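Working notes, structure below.
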Amino acid sequence: MKRLPIGILGSGRGSNCRAILERIRSGDLAAEARVVISDILDAPILDIAREFSIANAYLPPGQFRTRLEPDAENELVNMLREAGVELVVLAGFMRVLHAPMLKAFPRRIINIHPSLLPKFPGLEAWKQALAAGEEISGCSVHYVDQKIDHGEIIAQREVAILPEDTPASLHARIQIAERELYPAVIAEFCERYQAAGL
Ligand code: GAR
């Protein structure tokens, strides 16, 4: 079976990464995680990669806070290409990507975000939804472009906001939905890859 080679990028806890790696390990997902890369040296997502014996690397991001320095972004392209990655999966990667990555992987970079985009891009989207008095929130998987949490939406899952919700309880429920939605979307990419290429 032809497995889709993916690279996972993240800055934090890595619960989405874990869900994807578990699905691959259990045989549910016809993907192969070639590398996990983080812009944070001690990010738990790198420990998860090690736990699953996946190649992993820290990418020093440079001096900027919300993006990679151009040299670092070029280095990221090289790392992903050398690993033979066909689909780049952002899983809590908290930097905006620019031309080097977008040109190297056109319509080959996807992101998950904890809101029903286009509502509430940016940080702590679940808090934004609560503050806005929404009754429904959820999560979105989308193609990545040069704007924050922006780009063609691939799939969404709704999560009801309950009257007793706190930011933490809402975020936890959205993350449960994320861990189902993201592997399901990647599975569709795998099917396409097996049938005809991405
Ligand atoms: C996820 O909830 C993801 O949707 C969010 O970061 C979290 C990472 O969690 N991403 C964004 O907000 C992107 N703007 P994880 O490290 O446990 O997967």
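Rg/Rh for the stretch 1-90 (Cα atoms only, Rh after Kirkwood) is 0.97. Provide the net charge surrounding Ile136, with neighbours chosen by a C-beta distance below 14 Å and charges set as Lys +1, Arg +1, Asp -1, Glu -1. Counting the neighbours of Ile136, the net charge comes to -1. Summing Lys and Arg as +1 and Asp and Glu as -1 over all other residues whose Cβ lies under 9 Å from the Cβ of Pro60 gives a net charge of -3. Shown in residue order for the stretch 7-12 are the 3J(HN,Hα) couplings computed by the Karplus curve 6.51 cos²θ - 1.76 cosθ + 1.60 at θ = phi - 60°: x, 10, 10, x, 10, x Hz (x for Gly and Pro).
Each Cα pair under 8 Å and six or more residues apart adds its separation to the average, and for the chain the resulting relative contact order is 21 percent.
Peptide packing for 176-184, 131-139, 15-23 was compared via the average number of neighbouring C-beta atoms within 10 Å per residue; ordered from the highest value, the list is 15-23, 176-184, 131-139. Taking the helices alone, the chain has a mean residue ellipticity at 222 nm of -11500 deg cm²/dmol, built from -39,500 (n - 2.57) per DSSP H run of at least 4 residues and averaged over all its residues. Each of Met101, Met94, Met79 has its accessible area taken with a 1.4 Å probe; listed largest first, they run Met94, Met79, Met101.
The distance between label points at Asn78 and Met1 comes to 3.5 nm (points 7 Å beyond Cα on the Cα→Cβ vector).
Here, the chain yields an orientationally averaged convex hull projection of 10.7 nm² when only Cα atoms define the hull. Ranking of Tyr58, Tyr193 by solvent-accessible surface, largest first: Tyr58, Tyr193 (1.4 Å probe, protein heavy atoms only, all chains present). Counting only protein heavy atoms and using a 1.4 Å probe, the accessible area of Lys2 comes to about 100 Å².
The values are calculated or read from the model by the stated rules, or taken from the named source; none is laboratory data. Bear in mind that the values here come from a model prediction, so they are computed numbers and not experimental data. Backbone-built Cβ (ideal geometry, glycine too); neighbour counts: all protein chains shown. Only protein heavy atoms, including side chains, enter the accessible area calculation; ligands, DNA and RNA are left aside. Shrake-Rupley method; radii C 1.70, N 1.55, O 1.52, S 1.80 Å.
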